[in-house]
């Protein structure tokens with residue numbers, strides 16, 4: 001196995017036992033990027049100092065949890081001195097003067113940023129096709145989309161260009177591309193991981209999260225990046241558990257998992273239902289108690305999410321007024337303009353009497369939160385497919401302004417409720433991966449990770465790799 | 001001619017003198033500071049930066065609310081107020097809209113009339129625009145040192161009826177704010193900014209269908225003058241059957257006239273919505289009561305006490321209470337001299353407040369026995385004086401001061417000494 005193919009735990013063990021150096025590990029990833037990224041376009045900017053940082057890590061005598069490990073960072077996290085664009089031409093020349101909390105914590109833990117990954121511009125989408133720098137391709141089939149908005153990060157992990165990656169989710173942007181690229185994507189609860197230095201999309205749901213090769217890797221990364229941040233007033237003071245150490249201690253005996261029927265509706269792609277059924281049987285074998293339930297139809301969350309998100313987007317993008325970042329406002333692409341218009345209209349309507357769109361959406365949001373609260377009185381988690389189907393072909397998002405909202409409809413309710421959830425590979429259809437989502441109440445990270453870990457250890461889907469011989 | 005009633009509401013912005021800004025750790029001090037040196041990603045509105053509210057600023061806002069007999073909301077939120085202007089780096093100002101910290105208070109005028117307070121809320125100040133000529137070109141520069149400084153807005157109900165009433169209210173408000181030590185209220189430095197909303201109506205029970213906002217009034221006198229000017233201007237328009245335009249006007253203090261600046265925006269254009277980056281702020285009863293306990297004695301109470309306990313007249317008491325230095329001087333020496341006399345000395349600037357009190361009044365008559373005693377006990381010095389060395393008088397004065405524990409006027413002491421010395425010599 002090549003060094004770049006190692007998962008995080010294997011890479012840490014190898015470095016610890018001096019089987020290889022960080023420099024060799026970084027070099028292997030850079031080689032992979034060099035030969036494969038011309039097909040995939042997962043990266044926008046590379047960190048020119050990565051090898052130097054690896055040399056320094058190799059000399060560093062201080063123990064650090066992620067020392068010398070290469071990772072890929074979604075381009076909406078600010079990196080001091082490294083161009084950060086959020087895949088938007090408006091920020092084409094923006095070199096941030098400060099570091100995001102997530103990347104600062106990874107740096108302090110010894111991880112080395114290889115570069116910044118492609119995404120939907122401003123994270124507006126679920127395809128990575130709306131990037132102002134061109135789409136990323138799905139490593140399993142170049143004619144297909146990687147999902148999004150963290151498509152570059154998911155593709156980079158799937159194609160072994162890095163040991164792990166960081167994405168961010170507003171509604172599905174970590175889990176959906178992870179499902180489409182056949183990797184593990186974890187969305188911690190809203191308020192668990194700091195948003196400081198993350199270019200805001202929808203502030204009330206934005207949640208950074210890791211995209212990894214295994215659940216156990218995701219547990220380790222999460223405990224490094226999670227926790228209260230004095231720079232983000234929405235982060236929780238709740239202590240962060242040692243998620244990774246706690247993983248093997250529990251079995252799934254006694255774990256109650258709900259199967260909401262609304263998440264297995266008729267509009268799923270063929271085979272998705274069978275794959276989820278198989279996963280249900282597997283989880284039952286592991287000791288979990290599973291039971292069908294009824295939840296609010298996820299279709300209600302589409303409208304709520306769209307209104308809240310567009311409203312917040314219109315506000316968050318107001319600072320890009322064409323004065324300070326070298327580009328005027330004509331550099332905004334179609335999708336961003338669309339969202340600003342809808343959001344501006346929704347917020348104005350609060351006072352003009354055309355309809356209280358924003359307030360109504362917040363009221364329905366409360367109902368959805370209450371619906372989940374009721375469910376979690378009797379269950380620890382619920383499950384379903386992450387996405388209604390496998391990856392779609394390039395171009396699918398074009399001329400479809402609701403593409404993301406429709407593709408993410410099975411994770412939106414959880415996102416607007418601040419829940420934590422994971423997507424793990426659970427099979428394939430037509431050579432494309434399918435993801436299983438396990439979702440729990442806010443701050444139940446450990447339970448979600450435990451269940452996903454037990455499932456993953458009893459299956460082999462996550463070990464399958466795409467064939468990267470594209471020549 | 002039908003009688004027209006004037007309806008005036010006041011909006012007062014006060015910069016709090018907290019050490020750091022409202023939503024970041026930058027120093028809040030911005031007066032005569034090198035431009036753009038007190039800034040960070042938060043107050044520059046850089047991508048990814050998030051606001052974290054300043055606890056002291058919240059406490060002080062609530063104390064202002066309590067001093068104005070407001071109700072304190074159990075749960076308050078910050079809201080985003082959107083508009084495009086170069087002094088607003090995020091494209092919105094973090095302010096409070098639906099649930100401000102304090103609502104429904106009042107301040108009582110001398111006449112007994114209560115000026116109702118609609119709300120006291122907390123927000124952030126904007127950056128400062130500096131219009132300059134550089135290389136013969138007109139340019140506008142932005143100084144972000146002021147961006148994000150804690151700003152309290154106090155809004156009255158439209159219950160003020162004259163410029164004079166407005167002036168009295170504002171003076172009383174400033175005295176309270178200074179007493180709370182939350183703001184310098186210096187209008188020249190812009191730490192207190194005044195606006196008046198003025199309209200006239202023939203029907204005293206209903207508000208007019210328009211209102212005129214006069215902004216940037218930087219003295220109480222100008223508020224008075226601007227209001228009176230507006231009442232005259234609007235009266236004359238209404239008498240011609242013209243409804244005055246809803247607009248924002250400025251005040252030219254040289255011409256003593258208001259002038260049109262821009263047509264006023266409606267609330268909807270600001271697209272207010274709850275600031276998602278700051279969770280709602282929940283204040284327990286105990287928390288608010290604890291702040292109430294920390295309130296200093298307010299000017300009204302203190303004035304009443306001075307009048308009652310020390311028999312000062314009302315205006316003297318008010319003048320003392322308004323000035324922390326004068327008041328503390330008064331309190332320090334009021335056991336040593338008759339309080340009314342002391343108060344008058346302070347108010348009439350007859351004594352230097354930076355020095356200990358010399359009781360001139362008690363020293364009117366320099367005790368002749370002491371003069372004689374000093375002359376008797378300092379025969380050497382007297383001899384030197386007689387020999388023509390007149391400068392020894394200073395030494396003798398010092399001796400008199402010592403004997404009297406500094407309670408006599410040195411000049412008088414000198415005169416008496418000279419009289420005696422001449423008498424001795426003759």
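Data overview
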{"item": "Intensity falloff of the protein assembly as shown expressed as log10 I(q)/I(0), Debye formula with alpha-carbon point scatterers, at q = 0.05, 0.06, 0.10 Å⁻¹", "result": "-0.41, -0.55, -1.08"}
{"item": "B:40, A:162 arranged by Cβ crowding within 10 Å, fewest neighbours leading", "result": "B:40, A:162"}
{"item": "Average beta-carbon neighbours from other chains, 10 Å sphere, peptide A:305-314", "result": "1"}
{"item": "Estimated distance in nm for a label pair at residue A:52 and residue B:263, the labels positioned 7 Å out from Cα along Cα-to-Cβ", "result": "5.8"}
{"item": "Approximate spin-label separation residue B:3-residue B:290, in nm, with each point projected 7 Å along Cα-to-Cβ", "result": "5.2"}
{"item": "Diffusion coefficient, µm² s⁻¹, Stokes-Einstein with Kirkwood Rh over alpha-carbon pairs of region B:58-194 at 20 °C and 1.002 mPa s", "result": "129"}
{"item": "Projected label distance in nm at residue B:393 and residue A:463, using a 7 Å step from Cα toward the beta-carbon", "result": "11.3"}
{"item": "Average Cα contact separation per residue, region A:358-471, under 8 Å, 6 or more apart, as relative contact order %", "result": "27"}
{"item": "Relative contact order for chain B, counting Cα pairs under 8 Å that sit 6 or more residues apart, in percent", "result": "16"}
{"item": "Translational diffusion coefficient (Stokes-Einstein; Kirkwood radius from C-alpha pairs) of region B:297-357 at 37 °C, 0.692 mPa s, in µm²/s", "result": "290"}
{"item": "Estimated translational D of region A:111-167 in µm²/s (Stokes, Kirkwood radius over Cα pairs; 20 °C; 1.002 mPa s)", "result": "195"}
{"item": "Ascending count of other beta-carbon atoms within 10 Å, so fewest first, for A:424, B:397", "result": "B:397, A:424"}
{"item": "Calculated [θ] (222 nm, deg cm²/dmol) that DSSP helices of n ≥ 4 give over chain B, each run adding -39,500 (n - 2.57)", "result": "-10500 deg cm²/dmol"}
{"item": "Relative contact order %, chain A, counting alpha carbon pairs below 8 Å whose residues are six or more apart", "result": "17"}
{"item": "Where N is the number of residues in chain B, Cα Rg divided by 2.2 N^0.38 Å", "result": "1.34"}
{"item": "Gyration tensor verdict on chain A (Cα atoms; rounded if a/c is under 1.5, prolate if a/b is larger than b/c, oblate otherwise)", "result": "rounded"}
{"item": "For chain B, built as a Gaussian network whose Cα springs stay under 10 Å, the top-fluctuating residue of B:229, B:272, B:85", "result": "B:85"}
{"item": "Peptides A:456-469, A:129-142, A:5-18 ordered by average Cβ neighbours within 10 Å, highest first", "result": "A:129-142, A:5-18, A:456-469"}
{"item": "Global form of region A:336-463, assessed from the alpha-carbon gyration tensor, a/c cut-off 1.5", "result": "oblate"}
{"item": "Residue mean of other protein chain beta carbons inside 10 Å, A:340-348", "result": "2"}
{"item": "Packing-based exposure ordering (other Cβ within 10 Å, fewest first) of B:260, A:236", "result": "B:260, A:236"}
{"item": "GNM top mover of B:56, B:303, B:245 - chain B, alpha-carbon springs below 10 Å", "result": "B:245"}
{"item": "Computed [θ] at 222 nm, helices only, for chain A once each DSSP H run of length n ≥ 4 contributes -39500 (n - 2.57)", "result": "-11000 deg cm²/dmol"}
{"item": "Peptide-level mean, for B:75-87, of C-beta atoms on other protein chains within 10 Å", "result": "2"}
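Throughout, read-outs are computed from the coordinates displayed, never taken from laboratory work. Model, not experiment: these values are computed from the prediction. Positions of Cβ are backbone-derived with ideal geometry, glycine not excepted, and every protein chain shown enters the neighbour counts.
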